[in-house]
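First up is the structure itself, then whatever we jot down about it.
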Amino acid sequence: DRGKGENQLKDPFGIAVDPITDRIYVADNNAHRVQIFSRDGHWIRCLRDEQMLRPKLIDITYYSILVQCNYVVVKFNRSTLRKETIYKTNNFLSGICTDSMNVFVGLYEEIELIKLTTDLKQVKRIPLLPEFKRRDTRLREISLARDVIYVALTTTQYPIQAFSKEGILLRCVVSEDMLGAIRYVCLDTQLNILVTDRKSSDIKIFSNEGQLISKIGKKG
């Protein structure tokens, strides 16, 4: 149900599933909290922090729950759910992904990656040079699979492009004539690319080579 109650969602944005506990974590953006539910929909608890304003995306590692907000990343212990540390920046963040050694967050306007340690200490900034970049191109979302970072971009001929973790362009994946307006991108275990399309109000599933496989849902 929609609302501010403990078992409600006011403005759900990002979602993640803990692969071990099977709990579902939902970033409730305008309520400034993360709601935790069991797989069958029962509310478990709420994560809040005074610095966790407008949480957008969630990434779960073996030890941590990482919550990306507009200007901060908050790290919670996965077992105790206590806040451990926080990363702050003056740049608008858009996207988060992890490997076993590092955390990567995207910079919306600069079209760059910030590489962090698992303790959220900044290592370096990694500029990205996407193909067919326009003046108003922005970084919308990032997702990592098998050492490749898939970057979702606005207003470009190829809104999904693949980069190495060092920022080298590997290939263009999905062309703009196959998508409307990207909100969220992730990859499944087969390395298919799932995209939520706000314009058509559906989820599009592409192969790793950029071929449209299927669609889920429809505008209503």
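Just so it is clear, none of the values below were taken in a lab; they were calculated from the coordinates. Just so we're clear, the structure is a prediction, and the values are computed from it rather than from any experiment. Backbone-built Cβ (ideal geometry, glycine too); neighbour counts: all protein chains shown.
Structure notes:
- Within a straight-line Cα-Cα reach of under 12 Å, Lys124 can be paired with the following aspartates and glutamates, leaving aside sequence neighbours fewer than 8 residues apart in one chain: Glu112, Glu166.
- The HN-Hα couplings worked out from phi for segment 151-156 by the Karplus form 6.51 cos²θ - 1.76 cosθ + 1.60 (θ = phi - 60°) are 10, 9, 10, 9, 6, 8 Hz, whole numbers, x standing for Gly and Pro.
- Between the amide H of Ile111 and those of Leu139, distances stay under 5 Å, these residues lying 5 or more places away or on another chain, with hydrogens modeled in the peptide plane.
- The longest stretch of the chain left intact once loop-based GluC sites (Glu not before Pro) with at most 14 other Cβ atoms within 10 Å are removed from consideration, loops following DSSP, is 51-108.
- Among the listed options (i) 47, 38, 34; (ii) 44, 44, 30; (iii) 52, 40, 32, the one matching Cα extents along the principal axes in Å as calculated from these coordinates is (ii).
- For segment 66-220, the relative contact order works out to 12 percent when only alpha carbon pairs closer than 8 Å and six or more residues apart are counted.
- Proportion of all alpha-carbon pairs of segment 8-52 beyond 11 Å (%): 62 percent
- Taken one residue at a time, the phi angles of segment 62-71 give Karplus couplings (6.51, -1.76, 1.60, θ = phi - 60°) of 5, 10, 9, 10, 10, 10, 9, 10, 5, 10 Hz. Gly and Pro are set to x.
- For Leu144, distant residues with modelled amide H under 5 Å away: Thr98, Tyr150
- Distant-in-sequence amide H partners of Val173 (H built 1.01 Å from N, under 5 Å): Ile160, Gln161, Ala162
- Most fluctuating residue given options Val151, Val74, Val123, as computed from a GNM of the chain linking Cα atoms under 10 Å: Val123
- Within a Gaussian network of the chain (alpha carbon springs, distance under 10 Å), most fluctuating of Pro55, Pro159, Pro19: Pro19
- Under the Karplus curve 6.51 cos²θ - 1.76 cosθ + 1.60, θ = phi - 60°, whole-Hz ³J(HN,Hα) for segment 186-201, x wherever Gly or Pro sits: 8, 10, 8, 5, 8, 6, 6, 9, 9, 10, 8, 10, 5, 5, 9, 6
- Sites Thr89 and Asp40, calculated FRET efficiency, Cβ-Cβ separation with R0 25 Å, nearest 0.05: 0.10
- Highest GNM mean-square fluctuation among Asp147, Asp177, Asp49, for the chain modelled with Cα contacts below 10 Å: Asp177.
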